[in-house]
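Asks: One structure coming up, written as structure tokens, with questions to follow.
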Amino acid sequence: MAINKVLVVDDSPAELSYIKNIVTKTGCIVLSASNGQEAVEIATKETPDIIFMDIIMPDMDGYEATRRLSNDSATRDIPIVFVSSKTQKADKLWAQMQGGKGYVTKPYTAEKIIEQIKAFN
């Protein structure tokens with residue numbers, strides 16, 4: 001599957017901008033959301049090829065958004081890569097149990113984000 005459309009989800013405008021810039025340079029179309037609820041709505045409507053999801057966000061966290069997307073037949077096949085400052089092994093395991101397919105810890109490099117895109121391409 002070619003990665004052409006990417007959804008980036010983060011409540012921090014700085015983080016959102018940083019990841020969007022990295023992904024844009026790969027030639028992908030970038031969509032963005034600032035919380036889990038927005039992410040679910042955009043993913044359902046736009047069907048991105050991959051989602052980069054923060055965990056700690058207002059309204060709906062990344063875990064809940066991932067559960068909802070993973071349980072919906074229209075979005076369950078979209079790989080979700082968590083991008084979080086949570087670095088414990090338990091956090092990564094829990095992310096995987098919610099349906100996450102990858103995990104990048106903050107602070108990250110552009111290469112780490114691009115590696116994830118390539119892994120699902």
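The values are calculated or read from the model by the stated rules, or taken from the named source; none is laboratory data. As the structure is a computational prediction, the values presented were derived from the model and not from experiment. Every residue, glycine among them, receives a Cβ derived from its backbone with ideal geometry; neighbour counts consider all protein chains shown. All accessible areas refer to the heavy atoms of the entire protein, side chains included, with ligands and DNA or RNA removed. Shrake-Rupley method; radii C 1.70, N 1.55, O 1.52, S 1.80 Å.
Asks: Given a 1.4 angstrom probe, I'd like the percentage of the accessible area of the chain that is carbon and sulfur, rounded to a whole number.
Replies: Carbon-and-sulfur percentage of accessible area, whole number: 50.
Asks: Calculated FRET efficiency, Glu41 and Lys89, Cβ-Cβ r, R0 30 Å, to nearest 0.05?
Replies: FRET efficiency, Glu41 to Lys89: 0.40.
Asks: Quick check: residue separation of Ser73 and Asn4 times 0.36 nm, minus the Cα distance between them. What number comes out in nm?
Replies: 22.8 nm
Asks: Got a sec to turn the phi values of region 64-78 into Karplus ³J(HN,Hα) couplings, 6.51 cos²θ - 1.76 cosθ + 1.60 with θ = phi - 60°, whole Hz, x for Gly and Pro?
Replies: Result, ordered by residue: 5, 4, 5, 4, 5, 5, 5, 9, 9, 4, 6, 10, 5, 8, 7 Hz.
Asks: Could you identify which residue out of Asp59, Asp91, Asp49 has the top mean-square fluctuation in a GNM of the chain using Cα springs shorter than 10 Å?
Replies: Asp59
Asks: Write down the accessible area per residue of region 7-49 in Å², having rolled a 1.4 Å probe over the full set of protein chains.
Replies: 48 Å²
Asks: Ok, one more. Which value at 222 nm does the chain reach when only helices count, each DSSP H run of 4 or more adding -39,500 (n - 2.57), with the total divided by all residues and rounded to the nearest 500 deg cm²/dmol?
Replies: About -13000 deg cm²/dmol.
Asks: Using a/c under 1.5 as the rounded threshold, could you call region 1-56 rounded, prolate or oblate? The axes a ≥ b ≥ c are square roots of the C-alpha gyration tensor eigenvalues, and prolate needs a/b larger than b/c, oblate otherwise.
Replies: oblate
Asks: Throw me the Rg/Rh for region 32-75, computed over C-alpha atoms with Kirkwood Rh, two decimals.
Replies: 0.91
Asks: Show me, for region 90-95, the HN-Hα J-couplings you get by feeding each phi into the Karplus relation (A = 6.51, B = -1.76, C = 1.60, θ = phi - 60°), rounded to Hz, glycine and proline as x.
Replies: So the Karplus estimates, Gly and Pro as x, are 4, 5, 5, 5, 4, 4 Hz.
Asks: Using the reciprocal of the averaged 1/r over all distinct C-alpha pairs, how large is the Kirkwood radius of region 1-104 in Å?
Replies: Computed over Cα pairs of region 1-104, the Kirkwood hydrodynamic radius comes out at 13.3 Å.
Asks: Right, something else. Starting from 0.36 nm per residue, how many nanometres of slack lie between Thr109 and Met97 once their C-alpha separation is accounted for?
Replies: Full extension of this stretch gives 1.8 nm more.
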